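No value in this document is a laboratory result; all are computed from the given coordinates. This is a predicted model, so every value here is computed, not measured. All Cβ positions, even for glycine, are placed from backbone atoms using ideal geometry, and neighbour counts span all protein chains on display.
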Amino acid sequence: MKYSEILKANRLLENKDSSTYKITILSNIMVHQAKDLCEYSLRVDNVNAFVQLGDYDNIVQDSLKFKELNAVVIFWEMYNFIDGLQYKSELLSQKGVNDLIIKIKIEIDIVFNNFNDISLLIINKFSNLIFNQYELSKNKSDFIIDELNKYLTSKNQINLQIIDIDKVIAKASIKRSVDLRYFYSSKTLYSIEFYREYFAHIKPLFLLANGKIKKALIFDCDNTLWKGVLGEDGFDNIKMFQEVQYLAKILSKSGVIIGLCSKNNAKDIDEVIQNHKNMILKSKDIVIKKVNWEDKVSNIKAIAKELNIGLDSLVFVDDSDFEVNLIKEELPMVKVLQVPKKECEYNLLIRNAMNLFYNPSQTKEDLVKVTMYKTQVQRVNQEQKIGNIEEYLKSLKLEITTYIDDINSVARISQMTQKTNQFNLTTKRYAHKDIEVFINNDNYTVLAIGVNDKFGDNGIVGLAILEYNNNIAYIDTLLMSCRVLGRNIEYRFMDIINDIVISKGFEKLSSNYIKTLKNEQVSDLYDRYGFKILEKDEESTSYTMLVKRYKGKKLEYIRIKNGK
Amino acid sequence: MENRIKNVLADVLMIDVALIKDDASAETIEEWDSLKQMNIVIALEEEFDIVLTDDDVIEMLNVRLINYIVQERIG
């Protein structure tokens with residue numbers, strides 16, 4: 001897309017009605033084109049981004065000015081530490097160099113300190129690549145950026161993300177990343193093409209913060225997991241796409257669900273999975289299989305249903321034009337990838353797609369997630385056999401473990417606020433830092449719950465954040481992972497919340513439901529709990545209840561245990 | 001071609017294309033500041049696959065001159 005087209009499309013995508021994700025870009029050069037390119041790259045993925053730009057060369061001052069932000073991006077270019085440093089650095093004395101480094105370090109400290117409470121602080125590694133591209137050996141400007149980059153990486157700030165900007169410049173090429181005409185006339189360094197690559201590169205950070213990260217990767221089999229058609233070429237003549245399968249296996253290890261959706265005889269595919277010596281993905285890596293002769297739309301829908309995740313959490317890979325277009329047409333929320341004609345490009349495609357599942361803070365739950373999803377599929381199957389849901393639930397031997405203000409679970413708790421969409425009453429997204437603040441503040445209780453049953457341990461899967469204010473307890477956040485829905489856990493969860501509120505000495509408990517596109521299933525949850533409606537409009541409903549009046553469902557078959 | 005140029009200007013300046021008369025310039029259109037001038041140059045270069053020189057950029061003071069210069073670069 002051309003720049004003018006992006007400007008136009010970006011304006012059309014702006015959603016003035018819904019809340020915005022606020023990003024501030026600070027810089028010591030001119031970056032004004034970054035605004036539209038950043039907003040556009042996120043708005044196409046349904047993140048209603050709003051970008052504000054700081055003033056030219058005002059990073060330190062601006063770090064105090066902007067408040068109520070979701071994220072900050074900093075372009076801090078060494079070429080403009082001092083005007084013309086790219087040609088002046090070599091003639092600086094060693095003392096001059098050292099003084100400059102000390103000055104910038106102090107400024108970094110001030111800026112980082114001022115942004116300590118922002119959820120996401122993104123800064124580019126210092127780079128001198130553009131003006132230093134011809135140098136054969138290290139010079140003073142290398143020394144300056146090496147020192148400063150060491151300093152950046154030594155910062156253990158939890159909200160900090162350091163971006164290797166040289167990767168972005170390499171991808172676009174130096175020549176196409178910069179427009180030196182504007183650098184000399186008006187300190188505008190980067191081109192439109194650079195910004196396009198740059199915001200594509202850092203986008204997973206924003207998608208993660210907005211709960212838009214994909215959860216499952218579903219493969220067709222013939223000409224997708226291997227080259228050849230099993231039913232025609234035969235077991236011995238198919239050739240595995242090894243690199244793709246290895247990449248899928250890596251994803252599986254990090255908690256991504258791997259599944260199959262293929263028109264084949266189930267028995268034949270199982271034979272390959274179990275006995276083909278070059279097959280990398282094994283039964284234990286593959287959570288769900290829809291291998292049959294039904295249409296893929298129904299199969300993909302069934303996969304989402306059985307895993308209890310949204311269709312927009314799925315990525316589907318297939319080689320056939322027909323299937324790819326069918327899914328794109330019928331299920332536009334599913335991300336569809338088509339196998340390219342050249343195998344080397346296929347490997348790169350999957351490598352790139354791994355960012356759709358970006359999840360840097362691997363929690364204990366992620367590591368065993370594949371097992372948990374597998375037991376989920378087993379449970380669904382048992383559910384279908386038993387029929388009577390209460391009987392079935394009793395047979396599960398469910399147990400809830402409570403964790404109150406548990407600092408060791410911060411990563412998982414923050415992750416749940418960012419990834420949970422369906423059973424989430426207020427859909428407030430919190431970073432690690434936010435959760436830490438709640439845990440350390442007496443006006444809040446952070447209650448996480450784990451659930452296990454006879455099939456296995458689901459790990460931490462539920463969260464309530466209670467806020468106390470003027471004699472009223474308020475449920476700021478109430479959410480549960482979709483892995484444990486349909487088990488009446490939510491009723492037992494409310495028993496626990498109610499007990500906490502009573503023990504803290506509050507009489508009233510208030511709460512609200514904020515409607516999103518995905519949380520329809522809990523729109524009447526507080527009604528079911530027995531809360532009274534205070535106010536209701538299109539977007540939200542607020543509730544209140546006297547804790548003494550709370551009855552609960554007395555589901556004794558779900559046991560409760562204290563986690564610490 | 002003149003209409004294509006006006007459309008580019010409208011998109012970059014975020015105003016209605018009808019407001020862009022032949023004699024429109026940074027003087028007559030409030031949204032047209034020095035930053036937008038740079039964006040206009042970038043957008044025109046992309047739209048017509050041309051490279052504008054430093055002198056071109058300085059001379060592109062109004063729509064008529066822009067038409068003239070872009071025409072010249074297309075050759």
Cα-based Rg and Dmax for the protein assembly as shown, in Å, come out at 28.3, 84
Note: B:38-51 gets an average of partner chain Cβ contacts (10 Å, Cβ to Cβ) equal to 4
Sorted on mean Cβ neighbours within 10 Å (highest first), peptides A:162-174, A:213-225, A:7-19, B:40-52 come out as A:213-225, B:40-52, A:162-174, A:7-19
Using the Cα gyration tensor of region A:216-357, the equivalent ellipsoid's semi-axes, largest first and to the nearest Å, work out to 20, 17, 16
Using alpha-carbon positions, the gyration tensor of region A:479-564 gives root eigenvalues a ≥ b ≥ c; with a/c under 1.5 called rounded, otherwise prolate if a/b exceeds b/c, else oblate, the class is oblate
Chymotrypsin sites (Phe, Trp or Tyr not before Pro) in region A:129-188 lying in a DSSP loop, each with at most 10 other Cβ atoms within 10 Å of its Cβ, come to A:Tyr134
Cα gyration tensor of region A:267-320 diagonalised, 5x eigenvalues square-rooted, in angstrom largest first, produces semi-axes 22, 13, 11
From fewest to most C-beta neighbours within 10 Å, the residues A:Asp268, A:Asp527 line up as A:Asp527, A:Asp268
Rounded to a whole number, the Stokes-Einstein D of region A:23-120 in µm²/s (Kirkwood radius over Cα pairs; 25 °C; 0.890 mPa s) is 165
Note: B:5-16 gets an average of partner chain Cβ contacts (10 Å, Cβ to Cβ) equal to 3
Over 27 Å (Cα to Cα) among A:Lys212/A:Lys515; A:Lys296/A:Lys397; A:Lys2/A:Lys203 -> A:Lys296/A:Lys397
Shape call for region A:128-171, from the Cα gyration tensor axes a ≥ b ≥ c (a/c under 1.5 means rounded, otherwise prolate when a/b beats b/c, else oblate), comes out oblate
Check: C-alpha center region A:7-66 vs C-alpha center region A:482-538, spacing in Å is 35
GNM on chain B, Cα springs under 10 Å; top mean-square fluctuation among B:Leu13, B:Leu61, B:Leu35 goes to B:Leu35
Quick shape summary for region A:386-562, equivalent ellipsoid via Cα gyration tensor, semi-axes whole Å in descending order, reads 23, 20, 17
Partner shielding of A:179-185, taken as the mean number of other chain Cβ atoms within 10 Å, equals 3
Here the tail fraction of P(r) beyond 18 Å, over all Cα-Cα pairs of chain B, rounds in percent to 27
A student asked for the Cα radius of gyration and Dmax of region A:3-209 in angstrom ought to give 17.1, 56
